[in-house]
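Reviewing the structure listed below.
The values are calculated or read from the model by the stated rules, or taken from the named source; none is laboratory data. As the structure is a computational prediction, the values presented were derived from the model and not from experiment. No Cβ is skipped: glycine too gets one built from the backbone with ideal geometry, and neighbour counts run over all protein chains shown. Keep in mind that these areas ignore ligands, DNA and RNA; they rest on the heavy atoms of the full protein, side chains included. Shrake-Rupley method; radii C 1.70, N 1.55, O 1.52, S 1.80 Å.
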Amino acid sequence: MSATPVYVHDLTREELRLWVVRHGFSPVHAARLWKYVYLDRVEDWAHMPDLPVGFRRAAEAGLRFTTLPVAIETHSTDGFTRKYLLALADEHRIETVLMRYTGRVTACISSQVGCAMGCVFCATGQMGYIRHLTAGEIVAQALHVDDELRAAGAGERLRNIVLMGMGEPLHNYDAVMRAVDILIDPSGLALGGKKITLSTVGVVPGIIRLADEGRPMHLAVSLHGATQAERAALVPVAKKWPLEELMDACRYYIAKQQRKIFYEWTLIAGKNDTPENAHAVGHLLKGQEAQVNLIPLNPTQGYDGTPTDREAAYRFQKILREYGLPSTVRQRRGIDIAAGCGQLAAAQ
Ligand code: SAH
Ligand code: SF4
């Protein structure tokens, strides 16, 4: 028996079954444990009466639960957003956001501590890369939000996840996909059927791998510039994965997965929000199965750009429509508690 503990939330249902069988127990116990963890939300061996004592003893010796204690919780004044600063076992911290839009609750989840991609306007990028999160640390964020909803007692449950918190999910591909597999498992949280959206800065090999492997989720690609030079000025990794290669990968993904891509465009006044910029986006994406999500810039300490105003955002949208491109302007929520897109930095 290995001395290194295995974290339950790191395991897919099949892997948990294998662990249980390898330790000489019935797979029925694995199924029951999975239900305790993901449906009943029990993480205390003493409160699992349906499991035999011998199994519980072995499990307690070899298995651990990933717990993310809340260090700080903040609520936006509009009541729509809550931000949780969660403590990891090694003293690093991450942020997870609970958002309420009309009729739905969405968790915005982190995939790394910090980020290596260095986008100039992003608070996470400004803090640099610290480490990848484990699959269990990603799953535990979703469970935390679901627990909060259960505790509120209003019958709400977590239904949607956006992998748009701290970090670049495709830089941490294996852990993120393992977490997605756990989150979509039909006998667990069952967040399949496109309830999960993964946002990438444009890690080309990751997009191609995802196109080949497939997962029942949406893909969002952060664009921000429609020419190589303009994009690279905001998104430094565009030098590594140039726009042309990114567009090839996106077209490949759309063809292979038979699924549209959401492109994200942070609107920065005078920088990338002019009618010329909108026409350039139109030319670039024309004919693709695509939707553009426009995000007026949220303030961060390390970048002094200003957000595009509503009128200019609608003008941008109108031009995109001329190219047959649907778009949305993202509602600004949680800005007063620095919980908006790109504002997460695990600051206290
Ligand atoms: N690393 C991934 C996902 C996390 S960022 C990615 O970059 O896509 C989620 C979204 O927020 C991205 O589209 C990102 O470009 C955007 N974003 C980052 N900083 C922002 C800011 N200050 N204001 C508005 N959007 C921002
Ligand atoms: Fe990283 Fe995304 Fe922020 Fe860029 S926008 S620095 S990829 S988290």
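Please state the shape class of the chain: rounded when a/c is under 1.5, otherwise prolate if a/b exceeds b/c and oblate if not, all from the C-alpha gyration tensor.
Verdict is prolate for the chain.
Take the stretch 220-348, drop everything but the C-alpha atoms, weight them equally and run the Debye formula without solvent; then report log10 I(q)/I(0) at 0.21, 0.22 Å⁻¹ to two decimals.
-1.30, -1.39
In terms of modelled amide H atoms, which long-range or inter-chain residues lie less than 5 Å from the amide H of Asn160?
Amide H to amide H, under 5 Å and 5 or more residues apart or across chains, Asn160 pairs with Val105, Ala107.
Quickly estimate the mean residue ellipticity at 222 nm for the chain, helices only: each DSSP H run with n ≥ 4 gives -39500 (n - 2.57), and the total goes over all residues, rounded to 500.
Taking each H run of at least 4 residues, the total per residue is -10500 deg cm²/dmol.
Where does the charge balance sit around Glu156 when Lys and Arg score +1, Asp and Glu -1, over other residues with C-beta under 11 Å from its C-beta?
With Lys, Arg at +1 and Asp, Glu at -1, the neighbours total +3.
At 20 °C and 1.002 mPa s, what whole-number value in µm²/s does Stokes-Einstein give for the translational diffusion of the stretch 60-214, with Rh from the Kirkwood sum over Cα pairs?
133 µm²/s
Using θ = phi - 60° and the Karplus curve 6.51 cos²θ - 1.76 cosθ + 1.60, what whole-Hz ³J(HN,Hα) does each residue of the stretch 38-46 get, with Gly and Pro shown as x?
3J(HN,Hα) across the stretch 38-46, in whole Hz: 9, 9, 7, 6, 9, 10, 10, 4, 6.
Estimate the FRET efficiency between Glu91 and Arg150 by the formula 1/(1 + (r/R0)^6), using the beta-carbon distance for r and 35 Å for R0, to the nearest 0.05.
Efficiency, rounded to the nearest 0.05: 0.80.
Determine how large the accessible area of Asp50 is when every protein chain is in place; take a 1.4 Å probe and give Å² rounded to the nearest 10.
Here the accessible area works out near 90 Å².
Which pairs in the list Lys195/Lys240; Lys256/Lys318; Lys194/Lys260; Lys194/Lys286 are over 20 Å apart, alpha-carbon to alpha-carbon?
The pairs that break the limit, which is 20 Å between Cα atoms, are Lys195/Lys240; Lys256/Lys318; Lys194/Lys286.
Each residue of the stretch 324-338 in order: what ³J(HN,Hα) in whole Hz does its phi give by Karplus 6.51 cos²θ - 1.76 cosθ + 1.60, θ = phi - 60°, with x for Gly and Pro?
x, 9, x, 8, 10, 9, 5, 5, 8, 10, x, 5, 5, 10, 6
In Å³ and rounded to a whole number, note down the convex hull volume per residue for the Cα atoms of the stretch 1-152.
It is 146 Å³ per residue.
More than 20 angstrom separation, counting every C-alpha pair in the stretch 9-72; what % is that?
20 percent
Hey, can you grab everything whose amide H is under 5 Å from the amide H of His218? Only 5+ residues off in sequence or another chain; H modelled, so Pro and N-termini drop out.
Under 5 Å from the amide H of His218: Ile196, Thr197, Leu198.
So how exposed is Cys119, as accessible area in Å² (1.4 Å probe, rounded to 10)?
Cys119 exposes around 20 Å² with every protein chain in place.
Would you give the gap between the C-alpha center of the stretch 220-252 and the C-alpha center of the stretch 293-348, rounded to a whole Å?
Taking the Cα centre of the stretch 293-348 as reference, the centre of the stretch 220-252 is 18 Å away.
Can you send over the solvent-accessible area of Met164, 1.4 Å probe, protein chains only, in Å² to the nearest 10?
Roll a 1.4 Å probe over it and Met164 shows about 50 Å².
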